[in-house]
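Encoded as structure tokens, the structure appears first; notes follow it.
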Amino acid sequence: MFGRLGAWCHDRRRLVVVVWIVLLVAGNGIASSVGDAYRQDFSLEGFESTDGFALVKSNFDDGSGSPVSGQVVFEVETSINDPAVRTKVDALLAEVAKLDGVTAVQSPYGPAGAFQVAREGPKAGKIAYATVNLPEDIDFTTATAIGKKIRALVPEEPGLRVELGGFLFAEFEPPSAELFGLAFAVIILIVAFGSVLAMGLPVAVALFGIGIGGALVVLASNLIEVPDFAPFIGLMIGLGVGIDYALLIVTRYREQLHAGHDVRESIGIAMETAGRSVVFAGATVVISLLGMLLMGIGFVGGLGLTASLTVAVTIMASITFLPALLGFAGDNIERTKWRGLVAAGFVALALVGAGLGAPALIAAGAALAVVTIVAGFFVPALKGDVTHKPAKPRRETAAYRWSRVIQHRPWTSAIAASAVLLVLALPVLGLRLGFSDESNFAEDTTTKQAYNLIVEGFGKGSTGPVYLVAEVDGAEQVGKLLAVNQAVAADADVAAVLGPQPNDASKPSAVRWLVTPKTGPQDEATTELVNRLRDDVLPPIEQATGTQVLVSGLVAGNVDMSQYMTQRLPVFFGAVLALSFLLLMVVFRSLLVPLKAVVMNLLSIGAAYGVLVALFQWGWLGSVTGVSPGPIEPWVPMMLFAIVFGLSMDYEVFLLSRVREEWRRTGDSRTSVADGLAATAKVITAAAAIMVVVFGSFMLEFERTMKMMGTGLAVAILFDATIVRMLLVPATMELLGDRNWWLPAWLDRILPNLDVEGHDVAAAPLDEEPEELEPQLV
């Protein structure tokens, strides 16, 4: 089927390319006209924080019931109550309240103003803030636009400083690190292929995949709950897998050309072999990402669904768009002139400049590329073809020799590799899931400046207060609840308690308190305080008064969300692990091979988790990474798990299928491992190097979660392609020998047959192996 599809795309290559171009242009045109509606609801039905928000919303008319808000923070030289200052602040807040999308503005001069003016320390009366409430279903694009409008309203007044606080009003720059990663991908592909044209095809497939996938993400955000960082995740994944999958297919296509097949036959065989593998590996990534729907959280499921859309589009581009491009390239894919090679290097330089935001570097790289191409028509040295070294016989390669070394010391290699991964995974024992706060923003941002002012005027805990709310029946019941103040204030981690504030002084139906912790929103002590209030401090008072006091607010909501996601992670992990085991068992007709694959993948992912904890939670190398210590975002482990497990299947299938092919042909379990490793080492190394560079480049991003995801993916792929594939796989397969391929007869009969690599199509033994070209330039 895949071979026929490849041949069909070759024969109708003009139509296929035009269709993909139309899809790219039309998709992005429709997405631009419709617009995005990114949003994420951190409230969970049936949780205490959600019930508290609802109670406040229904009883207080100041808009404080909304968990979606930002702050306008003021610092004055005189006093916030100075008549001249108040006139300016009131005028600004009045204009803010008129903005579309603003539901309420809680002024420091309003009924709850006592909570919003610094009362102690050197900044008493000089720092204050107003809370700007937005609709609960607002998307981040609209919220960011409101923040820009507020900044435009701020007057330039001597002695008055205004900053905007909160994630919703933060200034997020679109990621540019993908250009930096793309530049290095160009270089790696040139080294791997030795051909500019062969390099350009995987890049084109990746760009079309993420271009159309990005449009689908925008459209999906109008139908389901999709977080604002979903496009960045899709971009990261699409760029990595797009280049990776196309690399496998192009490599197999070139092998068939070297074996003497014509272009059409080579495309068909490449699609019947590597194309099958790509579809299988991509389907595994899609299914793993869709497993996030099991979490039962709107924005998490939306994140997994939209990321899977990008991967699905990339798969389609790999098996249709790429064969059409190969049809245009034909035999010329093996030819590269020096002018093209040098120009490609300058293009990579321009991409580096774009990623770093250096206009001079962009201009220099682009200009030198154009000059090189023009000069190439006149300078003999640039007009000539690049020559390649002939490839070494497979059993003389470094990969083959390395495998034999490992196989001679399998126990030492397996124990050493496992020990390294386990040591790197040790920090996972201290993993703490939670949402980071504004302290992680760069110092020159208004978000961080606002955070610093709030801390200076109100204390660190004031950046994330905890709200208590209770439903009452009259003033008498409010009096009984004064015991809440004394009990809560007695807690060692509470800085202040303000309240109880009734919604109606004459006939109250609800009261609320503002509890200021001594620690910040992301600190573990604050999480422990929320749990302690619920479990120990408030229950005796609730029992004595017969009134339930709910612990709510954004901090409590984040605690509920983090704890819920932590509880659901085993379900998600179990589903992905079980699916991976079953798929590999069907593919390789073995019980031990999939079991080893699952265990080894767990080791590499565990090591990646450990690196994340050390860098982002403990703050190791913070001066280098630009990361402040904080918790690990709750959605990151599951997203990392889904992506890495899917991508690991790609390398697993590509390597082990070649090993099994040799084993079935020769019956020698020892040499089949070395032969399989030697046959796949170059392409796995190149693919992994591209993945590591593309994902690792996101460490240069400003946004903390992007840094975290990029680092986790890069480290996991690095460990998987080196320690796992180069050490653990050959060592464990040597130890097990023929038992690797053991499968009970009764199970073999009921399992479906799935030939992922299409080995029946083209599988040359070593003595008939086609000549390859070594991708090293001379």
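Couple of notes before you dig in:
- Test: residue in segment 539-548 that is touching a helix residue (DSSP H, G or I) at 6+ places or on another chain (Cβ under 7 Å) and within 20 Å of GLY464 (Cα to Cα): no
- Any helices (runs of 4 or more DSSP H) falling wholly within segment 363-441 and containing at least 1 residues that are of a type in the set (Gly, Ala, Ser) and over 23 Å from GLY194 (Cβ atoms): 398-408, 410-425
- Within the option set LEU718, LEU728, LEU736, being open to solvent by less than 10 Å² (accessible area, probe 1.4 Å) and touching a helix residue (DSSP H, G or I) at 6+ places or on another chain (Cβ under 7 Å) holds for one residue only, LEU728.
- All of PRO108, PRO155 fail the test of being surrounded by 15 or more Cβ atoms within 10 Å (Cβ to Cβ) and touching a helix residue (DSSP H, G or I) at 6+ places or on another chain (Cβ under 7 Å), apart from PRO108.
Each row is one residue, and each column tells you yes or no for (1) surrounded by 16 or more Cβ atoms within 10 Å (Cβ to Cβ); (2) on the phi > 0 side of the Ramachandran plot; (3) among the aliphatic types (A, V, I, L, M).
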{"position": "VAL76", "(1), (2), (3)": "yes, no, yes"}
{"position": "ASN81", "(1), (2), (3)": "no, no, no"}
{"position": "ALA84", "(1), (2), (3)": "no, no, yes"}
{"position": "LEU93", "(1), (2), (3)": "yes, no, yes"}
{"position": "ALA118", "(1), (2), (3)": "yes, no, yes"}
{"position": "THR131", "(1), (2), (3)": "yes, no, no"}
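- Any hit, segment 321-337, residues being open to solvent by 10 Å² or more (accessible area, probe 1.4 Å) and closer than 24 Å to VAL576 by Cβ: no
- Here the helices (runs of 4 or more DSSP H) wholly within segment 682-763 that include at least 1 residues being among the acidic types (Asp, Glu), at pLDDT 85 or above and farther than 17 Å from LEU615 by Cα are 729-736, 745-750.
- ALA7 being over 33 Å from the mean Cα position of the chain (by Cα) and open to solvent by 50 Å² or more (accessible area, probe 1.4 Å): no
- In segment 469-497, the residues that are over 23 Å from THR50 (Cβ atoms) reach residues that are in a loop (DSSP other than H, G, I, E, B) and of a type in the set (D, E, K, R) with C-beta atoms within less than 6 angstrom, at least six apart or across chains, in these pairs: ASP493/LYS518; ALA495/LYS518.
- Residues within segment 387-420 that are at pLDDT below 75 and surrounded by 15 or more Cβ atoms within 10 Å (Cβ to Cβ), tallied: 3
- Flag for TRP663 being without any contact (Cβ under 8 Å) to a residue 60 or more places away in the chain and open to solvent by 10 Å² or more (accessible area, probe 1.4 Å): no
- The requirement of being under 17 Å from GLU48 (Cβ atoms), part of a strand (DSSP E or B) and modelled with pLDDT of 90 or more is fulfilled somewhere in segment 552-571, by at least one residue.
- The requirement of being open to solvent by less than 50 Å² (accessible area, probe 1.4 Å) and free of Cβ contacts under 8 Å to residues at least 12 places away in the same chain is not satisfied by ALA450.
- Qualifying residue in segment 465-475 (condition: at pLDDT 90 or above and either open to solvent by 40 Å² or more (accessible area, probe 1.4 Å) or of a type in the set (D, E, K, R) (or both)): yes
- Where VAL22 falls short, out of the listed (1) of a type in the set (A, V, I, L, M, F, W, C); (2) outside any loop (DSSP other than H, G, I, E, B); (3) in contact (Cβ under 8 Å) with a residue 40 or more places away in the chain: (3)
- Residues being within 41 Å of the chain's Cα centre (by Cα) and more than 29 Å from THR141 (Cα to Cα) - total across segment 88-113: 2
- Of all residues making up segment 483-539, the number that are at pLDDT below 90 and of a type in the set (Asp, Glu): 1
- The set of residues in segment 186-208 being more than 15 Å from GLY240 (Cβ to Cβ), assigned to a helix (DSSP H, G or I) and out of contact with any helix residue (DSSP H, G or I) (no Cβ under 7 Å at 6 or more places or on another chain) consists of VAL191, GLY200.
- PHE581 among the aromatic types (Phe, Trp, Tyr), open to solvent by 10 Å² or more (accessible area, probe 1.4 Å) and in contact (Cβ under 8 Å) with a residue 60 or more places away in the chain: no
- Residues of segment 215-229 classified as closer than 24 Å to ILE21 by Cα and open to solvent by less than 20 Å² (accessible area, probe 1.4 Å), total: 4
- Whichever residue in segment 603-625 is in contact with a Leu (Cβ under 9 Å, 6 or more places away or on another chain) and either among the β-branched types (Val, Ile, Thr) or modelled with pLDDT under 90 (or both) and, among such residues, is surrounded by the most Cβ atoms within 10 Å (Cβ to Cβ): ILE605
- Test result for ALA317, surrounded by fewer than 17 Cβ atoms within 10 Å (Cβ to Cβ), out of contact with any Pro (no Cβ under 8 Å at 6 or more places or on another chain) and part of a helix (DSSP H, G or I): no
- Matching option when the condition is under 20 Å from ARG13 (Cα atoms), open to solvent by 30 Å² or more (accessible area, probe 1.4 Å) and part of a helix (DSSP H, G or I), among ARG252, ARG264: ARG264
- Flag if ALA177 is at pLDDT below 85 and within 25 Å of the chain's Cα centre (by Cα): yes
The values are calculated or read from the model by the stated rules, or taken from the named source; none is laboratory data. Bear in mind the structure is a predicted one, so any value in this text is a computation, not a measurement. Glycine gets a Cβ as well: all are built from the backbone with ideal geometry, and neighbour counts include every protein chain shown. Side chains are part of the model used for accessible areas, which takes the heavy atoms of the whole protein and leaves out ligands, DNA and RNA. Shrake-Rupley method; radii C 1.70, N 1.55, O 1.52, S 1.80 Å.
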